[in-house]
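Student: To start, I am sharing the structure in question, which I have written as C-alpha cells.
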Amino acid sequence: MLKDFTLVEKKKLTYDLFEMIFETEDSFSFIHGQFITFVLPWIWWRAYSILETNWKYIKLIIKRLENGRWWSKFICDCNLWCILKWVWPAWHFTLKETPKNKLFIWTGTWFVPLFNQINWSLELWLKANLKLLFGLRNELDLFYEKELRDLKSNNSNFDYDYYISREKVWNYIHWRVTEFITKENISIYEEFYLCWIPSMIDNCIELLLALWIKKDQIFTEKY
Ligand SMILES: Cc1cc2nc3c(=O)[nH]c(=O)nc-3n(C[C@H](O)[C@H](O)[C@H](O)COP(=O)(O)OP(=O)(O)OC[C@H]3O[C@@H](n4cnc5c(N)ncnc54)[C@H](O)[C@@H]3O)c2cc1C
C-alpha cells in the first residue's frame, strides 16, 4: 500500500550526497539491510536503502547523479515538507545475527545498508569483530568520518579503513578496497557483506572464492 513520506530534514554531506530525513505516516519495522521504494510521478520507482529509523522517522543517504535518469536529482532537489509516496521495506540483503566475525565492503552510497547492519550488530552486542572497508574515489567524496570515528571509539570490536582510489591523501589508504582481500587479512572473518556495482561484486566474490571462502559466507547487494 502506498504511504506518504514528508521530508523534514536535509543535509548536504558532499557536493553530490544528501542525508535526508523523512517522516512517515505510521511507525514501521524492517529487517536491517532492507530498502524502501519511492513511487515517483508517472509511476517511476526508485529504491533506497535504509540508513536509520527512529519511530516515525527514516534517514536515507542519496547521491544526486548528474548523468542518471533524473529521479535522484528530483528527490535530492525536493524542498522541506515536500511529500513523496513510498512502499514498505523489502529485500533479502539482511544481517545474519550470528556471533561470527564480519567484514563489510562498499564504495560510495553502497555504504547505507552496511552502516545500518553494523550499527545493528553493535546494538545486539553480537560477540563478533566487525570491520568495514570504505572505498571512495577522491578526497571530495569523503563523508561520515565523525560518525565512524565515534562508532570505533565506543566499540572495541569495530574497526574501519577508508580507501581513496584516485588520489593520494595523507592518512588514507591510496588504493581500491579489494587490495585488502588477501589470505592473511581476511583470515579472522567468517561472513562477508558486499554492496557495490555488479562487476565489482563479481570481482570481490572471485577473490574470496580463490581464498577458500565458501559461497554461503558471502552476502551481496548489487545496484
Ligand atoms: C536495492 C537498492 C538500494 C539502493 N539504495 C540507494 C541508496 O541508499 N542511495 C542512493 O543514492 N541510491 C540507491 N539506489 C539507487 C537508486 O535506486 C537510483 O538508481 C539512483 O538514485 C539513481 O536514480 P536516477 O533516476 O537518477 O538514475 P538511474 O538511471 O536509475 O541510474 C543511472 C546509473 O547510475 C548508477 N547508480 C545508481 N545509483 C547510484 C549511486 N548511488 N552511486 C553511483 N551510481 C549509481 C546505476 O547503476 C545506473 O547505471 C539503490 C538501488 C537499489 C536497487
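Student: Taking the Cα atoms only, what angle lies between the long axis of helix 198-210 and the longest principal axis of the chain, rounded to 10 degrees?
Tutor: 20
Student: Shifting gears a bit: Using the per-residue mean of other Cβ atoms lying within 10 Å as a proxy for protection, in what order, highest first, do the peptides 92-99, 39-46, 122-129 fall? Mind dumping the intermediate values first?
Tutor: Working: 92-99: 15.8, 39-46: 11.8, 122-129: 14.1.
Descending mean neighbour count gives 92-99, 122-129, 39-46.
Student: Of LEU194, VAL39, TYR162, whose Cα points farthest to the positive end of the dipole of the chain (charges on the beta-carbon: +1 Lys, Arg; -1 Asp, Glu; origin at the Cα centre)?
Tutor: VAL39
Student: Something else about it: About the Cα centre of the chain, what is the dipole size in debye to 20, counting +1 per Lys and Arg Cβ and -1 per Asp and Glu Cβ, all else neutral? Show your work: numbers first, answer last.
Tutor: Numbers: 28 positive and 28 negative charges, 51 e Å.
Here the size comes out at about 240 debye.
Student: So, one more: Subtract the Cα-Cα distance of LYS222 and ASP161 from 0.36 nm times their separation in residues, and report this length gain in nm to one decimal.
Tutor: Working: separation 61, 0.36 × 61 = 21.96 nm, distance 2.15 nm.
Gain on stretching LYS222 to ASP161: 19.8 nm.
Student: Would you mind ranking MET200, MET1 so that the residue whose beta carbon has the fewest other beta carbons within 10 Å leads the list?
Tutor: MET1, MET200
Student: Evaluate the Kirkwood expression for the hydrodynamic radius of the chain, namely the inverse of the mean inverse distance over all pairs of different C-alpha atoms, and round to one decimal in Å.
Tutor: So the Kirkwood estimate lands at 18.3 Å.
Student: Compute the acute angle (0 to 90°) between the alpha-carbon long axis of helix 111-123 and the principal axis of greatest extent of the alpha-carbon atoms of the chain; round to the nearest 10°.
Tutor: 70
Student: Still on this structure, I have one more. For the range 32-129, what is the relative contact order in percent, using Cα pairs closer than 8 Å and at least 6 residues apart in sequence?
Tutor: 36
Student: If you rank LEU2, LEU209, LEU17, LEU133 by fewest surrounding Cβ atoms within 10 Å, what's the result?
Tutor: The most exposed by this proxy come first: LEU2, LEU209, LEU17, LEU133.
Student: Now a separate question. Given Cα pairs under 8 Å that are at least 6 residues apart, what percent is the relative contact order of the chain? Before the final figure, lay out the partial values.
Tutor: Numbers: 420 pairs, mean separation 40.5, N = 223.
18 percent.
Student: Nearest 500 deg cm²/dmol is fine: what mean residue ellipticity at 222 nm does the chain get from its DSSP H runs of n ≥ 4 alone, each adding -39,500 (n - 2.57), divided by its residue count?
Tutor: Result for the chain: -6000 deg cm²/dmol, rounded to the nearest 500.
Student: Also: Quote the charge dipole size of the range 3-90 about the Cα centre in Debye, to the nearest 20; the model charges only the Cβ of Lys and Arg (+1) and of Asp and Glu (-1).
Tutor: Working: 12 positive and 10 negative charges, 50 e Å.
Rounded to the nearest 20 debye, it is 240 debye.
Student: Also, I was wondering about something else. In the chain, which cysteines lack any other cysteine Cβ under 4.7 Å from their own?
Tutor: CYS76, CYS195, CYS204
Student: For the range 141-172 and the range 7-34, compute the distance between their C-alpha centroids and round to whole Å.
Tutor: Here the two parts' Cα centres lie 22 Å apart.
Student: So what is the orientation-averaged projected area of the range 76-127, using the convex hull of its C-alpha atoms, in nm²?
Tutor: 5.5
Throughout, read-outs are computed from the coordinates displayed, never taken from laboratory work. All of these numbers come straight from a predicted model, not from anything done at the bench. Cβ coordinates were reconstructed from backbone atoms using ideal geometry, including for glycine residues, and neighbour counts include every protein chain displayed.
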